[in-house]
1. Kindly indicate the residue of segment 114-153 that is surrounded by 15 or more Cβ atoms within 10 Å (Cβ to Cβ) and among the β-branched types (V, I, T) and also modelled with the highest pLDDT among those meeting that condition.
2. Which number in (1) part of a helix (DSSP H, G or I); (2) open to solvent by 20 Å² or more (accessible area, probe 1.4 Å); (3) in contact (Cβ under 8 Å) with a residue 40 or more places away in the chain marks the one condition that A100 misses?
3. Looking at (1) at positive phi; (2) in contact with a strand residue (DSSP E or B) (Cβ under 7 Å, 6 or more places away or on another chain), can you tell me which one G85 breaks?
4. Can you find a residue that is under 22 Å from V37 (Cα atoms), in contact with a strand residue (DSSP E or B) (Cβ under 6 Å, 6 or more places away or on another chain), within 15 Å of the ligand (Cβ to nearest atom) and in contact (Cβ under 8 Å) with a residue 40 or more places away in the chain anywhere in segment 115-127?
5. Specify the residue that is surrounded by the fewest Cβ atoms within 10 Å (Cβ to Cβ); the eligible residues are those in segment 74-89 that are in a loop (DSSP other than H, G, I, E, B) and of a type outside the set (A, V, I, L, M, F, W, C).
6. If you check A71, A58, which single one turns out to be modelled with pLDDT of 95 or more, open to solvent by less than 30 Å² (accessible area, probe 1.4 Å), within 14 Å of Q99 (Cβ to Cβ) and not charged (D, E, K, R)?
Amino acid sequence: METAKVMIRLATKADTPELYRVEQRCFDAESFSRRQVNYLAVQSSGSFWVLTEDEKIAGFIVLLQRANSRALRAYSLAVAPEFRGKKYAQQLMQKADQQAQELGKDRLYLEVSEHNHGAIQLYRKLGFELTGIRPRYYRDGSNACLMEKKVED
Ligand SMILES: CC(C)(COP(=O)(O)OP(=O)(O)OC[C@H]1O[C@@H](n2cnc3c(N)ncnc32)[C@H](O)[C@@H]1OP(=O)(O)O)[C@@H](O)C(=O)NCCC(=O)NCCS
(Lines give C-alpha, C1' and ligand atoms only; values in the text may rest on other atoms or scores of the structure.)
Protein backbone atom coordinates (compact mmCIF):
# COMPACT_ATOMS: atom_id res chain seq x y z
CA MET A 1 0.00 0.00 0.00
CA GLU A 2 1.31 3.47 -0.87
CA THR A 3 1.71 6.00 1.93
CA ALA A 4 -1.02 8.59 2.08
CA LYS A 5 -0.20 12.14 1.01
CA VAL A 6 -0.84 14.48 3.90
CA MET A 7 -0.92 18.24 3.41
CA ILE A 8 -1.91 21.29 5.42
CA ARG A 9 -3.18 24.24 3.38
CA LEU A 10 -5.56 27.20 3.70
CA ALA A 11 -9.25 26.50 3.09
CA THR A 12 -10.95 27.84 -0.02
CA LYS A 13 -14.58 28.57 -0.83
CA ALA A 14 -14.79 25.25 -2.69
CA ASP A 15 -13.99 23.40 0.56
CA THR A 16 -17.05 24.77 2.34
CA PRO A 17 -19.45 21.80 1.80
CA GLU A 18 -16.85 19.22 2.85
CA LEU A 19 -15.75 21.31 5.82
CA TYR A 20 -19.34 21.64 6.89
CA ARG A 21 -19.80 17.86 6.77
CA VAL A 22 -16.67 17.27 8.87
CA GLU A 23 -17.82 19.94 11.32
CA GLN A 24 -21.27 18.40 11.71
CA ARG A 25 -19.79 14.99 12.49
CA CYS A 26 -17.33 16.35 15.06
CA PHE A 27 -19.48 18.72 17.08
CA ASP A 28 -23.12 18.32 18.00
CA ALA A 29 -24.91 21.15 19.75
CA GLU A 30 -22.02 23.55 19.37
CA SER A 31 -21.44 23.19 15.65
CA PHE A 32 -21.19 26.11 13.23
CA SER A 33 -23.91 26.78 10.67
CA ARG A 34 -23.11 26.46 6.96
CA ARG A 35 -22.93 30.26 6.74
CA GLN A 36 -20.49 30.44 9.64
CA VAL A 37 -18.25 27.83 8.02
CA ASN A 38 -18.31 29.77 4.77
CA TYR A 39 -17.60 33.02 6.59
CA LEU A 40 -14.69 31.57 8.55
CA ALA A 41 -13.23 29.82 5.54
CA VAL A 42 -13.48 32.68 3.11
CA GLN A 43 -14.14 36.07 4.63
CA SER A 44 -12.89 36.23 8.18
CA SER A 45 -9.59 37.73 9.18
CA GLY A 46 -8.65 34.48 10.85
CA SER A 47 -7.05 31.61 9.09
CA PHE A 48 -8.83 28.41 8.36
CA TRP A 49 -6.33 25.59 7.74
CA VAL A 50 -7.32 22.19 6.45
CA LEU A 51 -5.40 18.95 6.66
CA THR A 52 -5.94 16.69 3.69
CA GLU A 53 -5.13 13.02 3.27
CA ASP A 54 -4.98 12.10 -0.39
CA GLU A 55 -6.90 15.30 -1.16
CA LYS A 56 -9.76 14.45 1.22
CA ILE A 57 -10.33 16.82 4.13
CA ALA A 58 -9.47 14.92 7.31
CA GLY A 59 -9.50 17.84 9.73
CA PHE A 60 -9.16 21.56 10.23
CA ILE A 61 -8.10 24.28 12.61
CA VAL A 62 -9.46 27.82 12.77
CA LEU A 63 -7.16 30.51 14.15
CA LEU A 64 -8.34 33.97 15.08
CA GLN A 65 -6.13 36.96 15.61
CA ARG A 66 -6.80 40.42 16.92
CA ALA A 67 -4.53 43.23 15.89
CA ASN A 68 -3.75 44.47 19.39
CA SER A 69 -3.35 41.10 21.04
CA ARG A 70 -0.12 39.27 21.74
CA ALA A 71 -2.03 35.99 21.69
CA LEU A 72 -3.38 33.86 18.86
CA ARG A 73 -6.62 31.99 19.51
CA ALA A 74 -7.17 28.44 18.33
CA TYR A 75 -10.90 28.83 17.84
CA SER A 76 -11.84 25.40 16.54
CA LEU A 77 -10.05 22.13 15.91
CA ALA A 78 -11.52 18.92 14.56
CA VAL A 79 -10.49 15.69 12.90
CA ALA A 80 -13.15 13.50 11.25
CA PRO A 81 -13.75 10.25 13.19
CA GLU A 82 -12.27 7.93 10.54
CA PHE A 83 -9.00 9.92 10.53
CA ARG A 84 -8.42 10.09 14.28
CA GLY A 85 -5.41 8.67 16.08
CA LYS A 86 -2.99 9.56 13.28
CA LYS A 87 -1.52 12.66 14.93
CA TYR A 88 -3.44 14.93 12.55
CA ALA A 89 -4.74 17.16 15.35
CA GLN A 90 -1.17 17.39 16.63
CA GLN A 91 0.03 18.48 13.19
CA LEU A 92 -2.73 21.08 12.96
CA MET A 93 -1.76 22.50 16.36
CA GLN A 94 1.87 22.62 15.21
CA LYS A 95 0.65 24.70 12.27
CA ALA A 96 -1.02 27.03 14.77
CA ASP A 97 2.27 27.33 16.64
CA GLN A 98 4.10 28.15 13.43
CA GLN A 99 1.45 30.75 12.49
CA ALA A 100 1.73 32.34 15.91
CA GLN A 101 5.50 32.59 15.48
CA GLU A 102 5.16 34.10 12.01
CA LEU A 103 2.66 36.66 13.30
CA GLY A 104 4.98 37.57 16.19
CA LYS A 105 2.48 36.42 18.84
CA ASP A 106 3.83 35.11 22.09
CA ARG A 107 0.95 32.91 23.26
CA LEU A 108 -1.55 30.46 21.83
CA TYR A 109 -4.79 29.96 23.71
CA LEU A 110 -8.03 28.03 23.46
CA GLU A 111 -11.15 27.02 25.31
CA VAL A 112 -12.09 23.39 25.75
CA SER A 113 -15.01 21.75 27.55
CA GLU A 114 -14.12 20.35 30.96
CA HIS A 115 -15.66 17.06 29.74
CA ASN A 116 -13.51 16.77 26.61
CA HIS A 117 -10.80 14.61 28.16
CA GLY A 118 -9.30 13.52 24.83
CA ALA A 119 -8.74 17.09 23.66
CA ILE A 120 -7.42 18.17 27.08
CA GLN A 121 -4.95 15.28 26.94
CA LEU A 122 -3.85 16.40 23.47
CA TYR A 123 -3.32 20.01 24.58
CA ARG A 124 -1.39 18.98 27.69
CA LYS A 125 0.85 16.79 25.56
CA LEU A 126 1.55 19.81 23.36
CA GLY A 127 2.51 21.99 26.32
CA PHE A 128 -0.73 23.83 27.07
CA GLU A 129 -1.49 24.66 30.69
CA LEU A 130 -4.77 25.35 32.39
CA THR A 131 -4.97 29.10 33.09
CA GLY A 132 -8.62 29.60 33.97
CA ILE A 133 -12.19 28.39 33.95
CA ARG A 134 -15.09 30.06 32.15
CA PRO A 135 -18.18 29.00 34.06
CA ARG A 136 -21.21 27.72 32.09
CA TYR A 137 -19.52 28.62 28.81
CA TYR A 138 -21.29 26.01 26.68
CA ARG A 139 -24.98 25.66 25.83
CA ASP A 140 -25.25 22.48 27.91
CA GLY A 141 -24.12 24.45 30.96
CA SER A 142 -20.65 22.92 31.18
CA ASN A 143 -17.57 24.93 32.01
CA ALA A 144 -14.77 25.76 29.61
CA CYS A 145 -11.15 25.28 30.54
CA LEU A 146 -8.96 28.10 29.29
CA MET A 147 -5.61 26.70 28.21
CA GLU A 148 -2.50 28.55 27.07
CA LYS A 149 0.90 27.82 25.71
CA LYS A 150 3.97 30.00 25.19
CA VAL A 151 5.12 30.32 21.60
CA GLU A 152 8.85 29.86 21.11
CA ASP A 153 10.72 32.65 19.25
C1 LIG B 1 -9.70 15.96 19.80
C2 LIG B 1 -9.39 15.57 18.34
C3 LIG B 1 -9.19 16.85 17.53
C4 LIG B 1 -8.09 14.71 18.33
O5 LIG B 1 -7.76 14.40 16.97
P6 LIG B 1 -6.70 13.26 16.56
O7 LIG B 1 -6.21 13.58 15.20
O8 LIG B 1 -7.29 11.94 16.78
O9 LIG B 1 -5.54 13.49 17.65
P10 LIG B 1 -3.99 13.07 17.47
O11 LIG B 1 -3.92 11.75 16.76
O12 LIG B 1 -3.25 14.21 16.87
O13 LIG B 1 -3.59 12.90 19.01
C14 LIG B 1 -2.32 13.24 19.47
C15 LIG B 1 -2.24 12.96 20.95
O16 LIG B 1 -3.31 13.63 21.65
C17 LIG B 1 -3.85 12.79 22.68
N18 LIG B 1 -5.23 12.41 22.32
C19 LIG B 1 -5.90 12.72 21.20
N20 LIG B 1 -7.17 12.23 21.25
C21 LIG B 1 -7.28 11.59 22.44
C22 LIG B 1 -8.33 10.88 23.07
N23 LIG B 1 -9.54 10.74 22.52
N24 LIG B 1 -8.10 10.38 24.32
C25 LIG B 1 -6.91 10.50 24.93
N26 LIG B 1 -5.85 11.16 24.35
C27 LIG B 1 -6.03 11.70 23.13
C28 LIG B 1 -2.95 11.57 22.74
O29 LIG B 1 -1.92 11.86 23.66
C30 LIG B 1 -2.41 11.50 21.32
O31 LIG B 1 -1.16 10.91 21.25
P32 LIG B 1 -1.05 9.29 21.10
O33 LIG B 1 -1.80 8.96 19.84
O34 LIG B 1 0.42 9.08 21.00
O35 LIG B 1 -1.70 8.73 22.31
C36 LIG B 1 -10.53 14.71 17.71
O37 LIG B 1 -10.82 13.63 18.56
C38 LIG B 1 -11.82 15.50 17.45
O39 LIG B 1 -11.98 16.11 16.40
N40 LIG B 1 -12.76 15.46 18.40
C41 LIG B 1 -14.06 16.12 18.23
C42 LIG B 1 -13.92 17.63 18.18
C43 LIG B 1 -13.19 18.18 19.37
O44 LIG B 1 -13.41 17.76 20.49
N45 LIG B 1 -12.31 19.17 19.12
C46 LIG B 1 -11.58 19.86 20.15
C47 LIG B 1 -12.44 20.94 20.66
S48 LIG B 1 -11.58 22.00 21.79
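The values are calculated or read from the model by the stated rules, or taken from the named source; none is laboratory data. On a predicted model such as this, the values are computed, not experimentally measured, just so you know. Here the Cβ positions follow ideal geometry from the backbone for every residue, glycine too, while neighbour counts run over all protein chains shown. Surface areas here come from the heavy atoms of the whole protein model, side chains and all, with no ligands, DNA or RNA. Shrake-Rupley method; radii C 1.70, N 1.55, O 1.52, S 1.80 Å.
1. Taking the candidates together, the pick is I120.
2. Evaluating A100 over (1) part of a helix (DSSP H, G or I); (2) open to solvent by 20 Å² or more (accessible area, probe 1.4 Å); (3) in contact (Cβ under 8 Å) with a residue 40 or more places away in the chain leaves (2) as the failure.
3. (2)
4. Yes, there is a match, as at least one residue in segment 115-127 is under 22 Å from V37 (Cα atoms), in contact with a strand residue (DSSP E or B) (Cβ under 6 Å, 6 or more places away or on another chain), within 15 Å of the ligand (Cβ to nearest atom) and in contact (Cβ under 8 Å) with a residue 40 or more places away in the chain.
5. G85
6. A71
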